[in-house]
1. Given the conditions (1) buried (at least 16 other Cβ atoms within 10 Å of the Cβ); (2) at pLDDT 95 or above; (3) among the aliphatic types (A, V, I, L, M), report the number of the one that ALA265 does not fulfil.
2. Check off (1) exposed (fewer than 13 other Cβ atoms within 10 Å of the Cβ); (2) of a type in the set (Gly, Ala, Ser); (3) not in a helix (DSSP H, G or I) for GLY257 and give me the number that stays unchecked.
3. Just to be sure before I move on: is GLY193 at pLDDT below 70 and touching a Ser or Thr at 6+ places or on another chain (Cβ under 8 Å) in the structure I sent?
4. Residue check, ALA289 against (1) aliphatic (A, V, I, L, M); (2) under 24 Å from the mean Cα position of the chain (by Cα); (3) over 22 Å from VAL57 (Cα atoms), all met but one. Which one?
5. Quick check, is ALA30 buried (at least 20 other Cβ atoms within 10 Å of the Cβ) and either among the aromatic types (Phe, Trp, Tyr) or without any contact (Cβ under 8 Å) to a residue 40 or more places away in the chain (or both)?
6. Can you tell which of GLU224, GLU285, GLU238 is modelled with pLDDT under 95 and not hydroxyl-bearing (Ser, Thr, Tyr)?
7. Residue check: is ALA177 outside any strand (DSSP E or B), more than 21 Å from LEU42 (Cβ to Cβ) and of a type in the set (Gly, Ala, Ser)?
8. Filter segment 1-26 down to the residues that are surrounded by 23 or more Cβ atoms within 10 Å (Cβ to Cβ) and free of Cβ contacts under 8 Å to residues at least 60 places away in the same chain, then identify the one that is farthest from LYS61 (Cα to Cα).
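The values are calculated or read from the model by the stated rules, or taken from the named source; none is laboratory data. As the structure is a prediction and not an experimental result, all values here were calculated from the model. Virtual Cβ from ideal backbone geometry, glycine too; neighbours counted across all protein chains shown.
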Amino acid sequence: MTWGSVTDEHEAREQLAGFAEAGGTLVDTAAAYGGGASERLLGSLLAEGVVARDDVVVATKAGITWRAGDRGIDTSRGALLRGLDASLKRLGVDHVDLWQVHVWSPEVPLEETLSALDMALSSGRAAYVGVSNYTGWQTAQAATWQRAVPGRATLASTQVEYSLLARDIEYEVLPAAGAMGLGVLAWSPLAGGVLTGKYRTGTPANSRGADPGSSARVDVYDDERSRGIVTAVARAAEGLEWSPLQVSLAWVRDRPGITAPVLGARTAAQLKEALQVADLTLPSEIALALDDVSAV
């Protein structure tokens with residue numbers, strides 16, 4: 001998400017190379033990230049050959065627009081397809097592996113929004129399609145609509161926020177996704193970095209919490225419940241001799257219904273620490289204790 005803005009080309013190159021070397025495959029971006037800067041940077045790294053195009057699953061999203069610094073939402077068929085064409089140009093590819101509607105909009109009929117996914121798939125501009133940030137009923141309605149008539153683009157996935165501090169999707173989104181056969185990509189599995197414990201004694205100068213444009217993502221967890229969960233994660237990490245980041249990430253990865261967490265590392269060093277989770281298994285008693293302390 002921060003590629004091309006907070007994360008520069010050097011860091012992005014090192015992240016992508018390290019991710020691929022560790023066996024990572026899914027690279028998720030969006031037209032809205034950095035006003036297209038994230039896609040352009042990823043495209044340049046693919047063109048450079050940092051990783052082979054066929055070795056990564058390139059995913060992007062459309063539906064959020066930025067004009068003159070103002071954020072807007074447009075999930076109309078025309079806007080989505082124009083957005084997809086612009087994304088393909090920035091990425092320097094003829095198709096993306098997964099194209100997602102970034103947000104739900106009540107201003108556009110759902111069938112019109114979903115028809116853009118049909119056209120993306122039938123034209124070969126996307127191999128698979130999905131949604132993002134849909135509630136449980138929105139997910140079920142969209143997936144059911146697409147399965148109702150042969151030839152429509154069946155939804156492959158949904159991307160939603162999920163972490164020890166944000167477990168609301170367990171009520172309806174995860175059951176809906178499971179019933180409709182959608183993979184679930186969990187964004188912000190570290191709750192904007194809060195679960196790493198970096199904010200326990202203050203706000204580091206170079207952190208997301210110190211950025212006026214991003215601090216709201218951190219401030220929302222400045223309450224007693226959140227502080228209790230962060231403390232529990234820190235204690236578990238100390239006992240396991242892991243980092244709090246690794247404990248939090250392993251918990252999300254192993255939750256029922258989760259396909260994979262989506263990482264938004266700012267630096268290559270942060271990503272390297274996170275990727276070590278692939279070789280770690282969270283003991284069941286620790287997982288259950290974290291379930292209890294974070295239950296909503």
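1. (2)
2. GLY257 satisfies every listed condition except (1).
3. Numbers: at pLDDT below 70: no; touching a Ser or Thr at 6+ places or on another chain (Cβ under 8 Å): yes.
When the stated conditions are applied, GLY193 does not pass them.
4. (2)
5. On the way: buried (at least 20 other Cβ atoms within 10 Å of the Cβ): yes; either among the aromatic types (Phe, Trp, Tyr) or without any contact (Cβ under 8 Å) to a residue 40 or more places away in the chain (or both): no.
So ALA30 does not fit the description; no.
6. Numbers: GLU285 fails: modelled with pLDDT under 95; GLU238 fails: modelled with pLDDT under 95.
None of the others qualify; the one that does is GLU224.
7. Numbers: outside any strand (DSSP E or B): yes; more than 21 Å from LEU42 (Cβ to Cβ): yes; of a type in the set (Gly, Ala, Ser): yes.
Against the criterion (outside any strand (DSSP E or B), more than 21 Å from LEU42 (Cβ to Cβ) and of a type in the set (Gly, Ala, Ser)), ALA177 qualifies.
8. LEU16
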